[in-house]
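Below: one structure, written as structure tokens.
What follows is calculated from the coordinates using simple rules that are stated; it is not laboratory data. Note that the coordinates shown come from a computational prediction; the quantities given were computed from them, not determined experimentally. Backbone-built Cβ (ideal geometry, glycine too); neighbour counts: all protein chains shown.
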Amino acid sequence: MENPETDIVEVVKGLVQNQSAEKQAQIVKDYFAPVVSFRDFYTIVTGPREVLSLYQFWAGMNVELWPEVHDVLYNKGDNTMVVRLTQHYRPWFHFYSGCQVEILAVLELANFEEVGPDGVRKEVKRIAVQRNYYLADPYVRSIPVLGSLLEGELIKGITGLAIGAAARGVKAAANLGRRAVHAAAPVSLQMGPERTGLGELN
């Protein structure tokens, strides 16, 4: 990001949506640091690949998904940013109504030097740490054992790994199915290049 305060809005809109997995992958590649961590109430993941899997898993769980960014606060001195947004979503099992949750995303940025198309070196900001905060359900937190488990670091890490593995498994199965169809198609059909429609990091 060359202009973090304005660029972050497009980053959020590109990530929190379920219209294009390729766009999600491109945003993670362009705007996240090679060493990145993500954490919220439920999960902890590290690495761009795991972060992408998390976003794509969430996108696949919803029929509708889009963000509404309210405020952006950027502290240039310590390279941090706070984004307040409302995430609108409708899971597959919600047939008639959608849901929404307000999120406070706290981002730690890192400086990187890149060479632009004109050959000029420039400094850009990439997301190194993302922490999402939102009000946890007080009833869930009050359940004996379960409430404390959900707040524990270990269970969040396990949940993050499980979600990442599930998302990659779905993509692998879809790719395998498309390859099988492609291989079984008659030569006379002259099928074009295979397109998975599933964004991945190169």
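Across the range 71-83, computed HN-Hα scalar couplings (Karplus, 6.51 cos²θ - 1.76 cosθ + 1.60, θ = phi - 60°) run 9, 10, 10, 10, 9, 5, x, 10, 6, 10, 8, 10, 10 Hz from first to last residue, x flagging Gly and Pro. A Cα-only calculation for the range 35-79 places Rg and Dmax at 13.6, 40 Å. For Glu64, the residues whose modelled amide H falls within less than 5 Å of its own, excluding neighbours fewer than 5 places apart on the same chain, are Arg90. If the chain linking Glu64 and Lys29 were pulled fully straight, counting 0.36 nm for each residue of separation and taking away their Cα-Cα distance, it would gain 10.2 nm. Legend: calculated FRET efficiency, Val115 to Trp92, from the Cβ-Cβ distance at R0 = 45 Å, rounded to 0.05, equals 0.55.
The phi torsions of the range 25-30, fed into the Karplus equation with coefficients 6.51, -1.76 and 1.60 and a -60° offset, translate into couplings of 5, 5, 5, 4, 5, 7 Hz, rounded to whole numbers, with Gly and Pro shown as x.
For Ala128, the amide hydrogen comes within under 5 Å of the amide hydrogens of Ala33, Glu108, Leu109, Ala110, counting only partners 5 or more places away or on other chains and with H modelled in the peptide plane.
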